[in-house]
Amino acid sequence: MVDSSLRRTDTSIPASLANCEQCGTGFDLDGLHERTALCDTCFQTYLDDLEVPFLEQYARFGAKAHRTVAEALMRGLVTADPDDRKVMGMRIVEEYLNASQELVALYIALRNRQATPVVRTFLEFELSPSSVGVFKALTEGRSNDALLRDLGFPTLADVESARAEIPKRDYKQMRAAITSVPRGIERVRKVEAGALLGLHDGLRHSKTLAHQLDWMPDRSMPPNQVALLVLERRSRRLLTHQLSIDEPQLEAFIGAIDQITQSARDLIWLYLHTEDV
């Protein structure tokens, strides 16, 4: 903890130096909050200690949230008027984007777990041209078995060869998870990067929707679409990201959310149970 009184009276100690609460090591507070109590090494240990409970709660609740919200919105579409359906449709697409981002974050966090705490990578992750590029480079052209081995997970063949050592209650779930994880990764990987990033970036800068574009001199939009409006300062343009929100398209998004979130949950389950194989 930083000793503020010592800072005021002892000019021989740099004003930005603090002592770690855990190990007593001095560390520089430059760029950190003045009340920061842990050095970087102890902070990493703290995050490592939280890894298992964090992943367990995310699998049990966080990952399911996107599907829960999207399905509730889909049920509400039945009685909604046309304009409200467009708003709800865009929100379903937003849940799809969030689910996709979190699966990519989880995959990269587990791939990089030897270098950086999983919790840190996951919570700091953002979709960007570079992060999407890394994800695609790591997964493009990889077989299902290769994707699993890259994560340090068993393949179906591994599970069968070790079947006698796997508890019966885990065997069926392990086989299902090993099938689910590559499917979810492939589902996200196949999304066109430009469209994924464009819409994600637009939603970061604006939540303003339009149900018609006939008020703009150079735009038009079919009745079954909704547009996200984003002001692009550098090019001095008002951009529109248009999406179809008819029922078959939204059902496809719901299906994708379901597969992606289940893959995320299975990814965590496999990670936490891999030692048993």
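The values are calculated or read from the model by the stated rules, or taken from the named source; none is laboratory data. Just so you know, these numbers come straight off a predicted model, no measurement behind them. No Cβ is skipped: glycine too gets one built from the backbone with ideal geometry, and neighbour counts run over all protein chains shown.
Some points to look at:
- In the stretch 242-261, of all residues being of a type in the set (S, T, N, Q) and either surrounded by fewer than 20 Cβ atoms within 10 Å (Cβ to Cβ) or not assigned by TED's automatic domain parsing to the domain that holds VAL191 (or both), the one that is nearest to GLN101 (Cα to Cα) corresponds to GLN259.
- The test for being crowded, with 16+ Cβ neighbours inside 10 Å, in contact with a helix residue (DSSP H, G or I) (Cβ under 8 Å, 6 or more places away or on another chain) and more than 19 Å from PRO82 (Cα to Cα) holds for ILE268.
- Any hit, the stretch 115-123, residues being exposed (fewer than 12 other Cβ atoms within 10 Å of the Cβ) and in contact (Cβ under 8 Å) with a residue 12 or more places away in the chain: no
- Tally of residues being under 19 Å from PRO182 (Cα atoms) and surrounded by fewer than 18 Cβ atoms within 10 Å (Cβ to Cβ) across the stretch 58-76: 1
- Of all residues in the stretch 77-90, those satisfying the criterion of being surrounded by 13 or more Cβ atoms within 10 Å (Cβ to Cβ) and either without any contact (Cβ under 8 Å) to a residue 12 or more places away in the chain or more than 23 Å from LEU229 (Cα to Cα) (or both) are ALA80, ASP84.
- Residues located in the stretch 226-239, provided they are buried (at least 17 other Cβ atoms within 10 Å of the Cβ) and over 11 Å from HIS211 (Cα atoms): VAL230
- The stretch 15-30, residues that are in a strand (DSSP E or B) and among the aliphatic types (A, V, I, L, M): LEU17, ALA18
- In the stretch 144-169, residue nearest to ILE108 (Cα to Cα) [restricted to those that are surrounded by fewer than 14 Cβ atoms within 10 Å (Cβ to Cβ) and without any contact (Cβ under 8 Å) to a residue 24 or more places away in the chain]: ALA146
- Members of the stretch 170-212 found to be under 17 Å from GLY89 (Cα atoms) and either surrounded by 14 or more Cβ atoms within 10 Å (Cβ to Cβ) or polar (S, T, N, Q) (or both), listed by number: LEU196, LEU199, HIS200, GLY202, LEU203, SER206, THR208, LEU209, ALA210, HIS211, GLN212
- Residues in the stretch 210-240 that are part of a strand (DSSP E or B) and out of contact with any Ser or Thr (no Cβ under 6 Å at 6 or more places or on another chain): ALA210, VAL226, LEU228, LEU231, GLU232, ARG237, LEU238, LEU239, THR240.
- Candidate set from the stretch 219-265 (those that are of a type in the set (Ser, Thr, Tyr) and either touching a residue at least 40 places away in the same chain (Cβ under 8 Å) or in contact with a Phe, Trp or Tyr (Cβ under 8 Å, 6 or more places away or on another chain) (or both)); member that is farthest from ASP83 (Cα to Cα): SER263
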